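Here the structure is laid out as structure tokens; the discussion comes afterwards.
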Amino acid sequence: MFHQPTARKHRAVEEIATKFPIDYAKLNSMQTNTNLLWFNNLRVELGRFFESCRTKHPTQPVRILELGCGAGIFAYELAKAFPTVEVLAVDISEALITGAKQQYQQPNLSYAVRDATKLEKYNDHDLILGLFIMHFIQDKPEFMRRVAHSLRPGGQARFITPLENKIMLQARQSVLEKSPWKEKNNNRFCIAGIATDSTPYQLLLESNSKRLAQSSCEQKSQNIEMSPDVFKSFLNGIALEIRALELSEEETKQYCSDVCDEIPKRQEGKIDFKLDYTEIIAIRRQFEPSNDSPLSPTQSRSLSPLCPHRITENSPRST
């Protein structure tokens, strides 16, 4: 579970994109194996879902939206495997969208620079996908409300989001207790607000139950082999304390290198990484509740956002 942040505010999505530009080639290299893995795991199930969509609205195209598409490999494989569906891949990073357009092209695939948290179209998509983006979103209840409204009736949203890995968490905590990171944080340890289990995401789905006909939240794991360089890129993508501590590009490289040095490695230098994650599936109701207007302000803020929390010497630590 999470604690509310007490000092530094979680960086806005726009600030992250501006202050922490991502190298397209490195991200593409990091995402290729993992995104192909997710695609192969989902391919058969998605094919069946697209067939059901064609049955429901045979005169309209099946529309897919990938949020936070990164390098574009997942959207590309999706468009290539299912040439009759329309795939729109969006990311807030203009550099990533430019790289994706150059690297991955399909007739039924389009890209756009867009903030995933500002969905405004209503009843527009059959499927909304997001791989490893949920932990970057501060107001998750509002985000899920917008996702539900953007889906067509009976449409489906799927998100894969990382859970805290015990070995990585211990490595990051160890590094943050040493110079210069301890002084950088005024001797108060700041660690990422990534869930340790699926419970917060289940509560998130329950808060949108009036819009969702069905939902599931399943905790899974996948063993992935990474080189140290790929591991550092992966860490840079999920370690929200990098943003909370406002590290520069050079400091970020050093921090990721220090954490990597703490991780056990095989003799040949490879890292066997157990990726724990939650797979979220939500299906929108066929009919809109009568008391629920599209894109109205969120009625309840009782569910705390899943965002960075602060760990001090006197507060309990996640394990």
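Before moving on, here are some points about what is shown:
- Some residue of the stretch 158-170 being within 30 Å of ARG54 (Cα to Cα), aliphatic (A, V, I, L, M) and either in contact (Cβ under 8 Å) with a residue 60 or more places away in the chain or surrounded by fewer than 21 Cβ atoms within 10 Å (Cβ to Cβ) (or both): yes
- Test result for ILE271, touching a residue at least 60 places away in the same chain (Cβ under 8 Å) and either in the same structural domain as ARG152 (by TED's automatic domain parsing) or of a type outside the set (Ser, Thr, Tyr) (or both): no
- Here is the figure for the stretch 253-274: residues that are assigned to a helix (DSSP H, G or I) and more than 18 Å from GLN170 (Cα to Cα) total 1.
- Output for the stretch 85-133, where each listed residue is part of a helix (DSSP H, G or I) and touching a Pro at 6+ places or on another chain (Cβ under 9 Å): ALA95
- When PHE50, PHE143 are checked against the criterion of being modelled with pLDDT of 90 or more, within 30 Å of ILE194 (Cβ to Cβ) and part of a helix (DSSP H, G or I), a single residue qualifies: PHE143.
- Of all residues in the stretch 55-70, at least one satisfies being outside any helix (DSSP H, G or I), at pLDDT below 95 and closer than 20 Å to ILE242 by Cβ.
- Residue within the stretch 168-175 that is in a helix (DSSP H, G or I), at pLDDT below 95 and of a type in the set (Gly, Ala, Ser) present: yes
- Any hit, the stretch 179-186, residues being under 30 Å from TYR122 (Cβ atoms), part of a helix (DSSP H, G or I) and modelled with pLDDT of 85 or more: no
- So CYS256, is it surrounded by 18 or more Cβ atoms within 10 Å (Cβ to Cβ), at pLDDT 85 or above, in contact with a Leu (Cβ under 6 Å, 6 or more places away or on another chain) and not aromatic (Phe, Trp, Tyr): yes
The values are calculated or read from the model by the stated rules, or taken from the named source; none is laboratory data. For clarity, every value in this text was computed on a predicted model and none was experimentally measured. With ideal geometry, Cβ positions are generated from the backbone for all residues, glycine too; neighbour counts draw on all protein chains shown.
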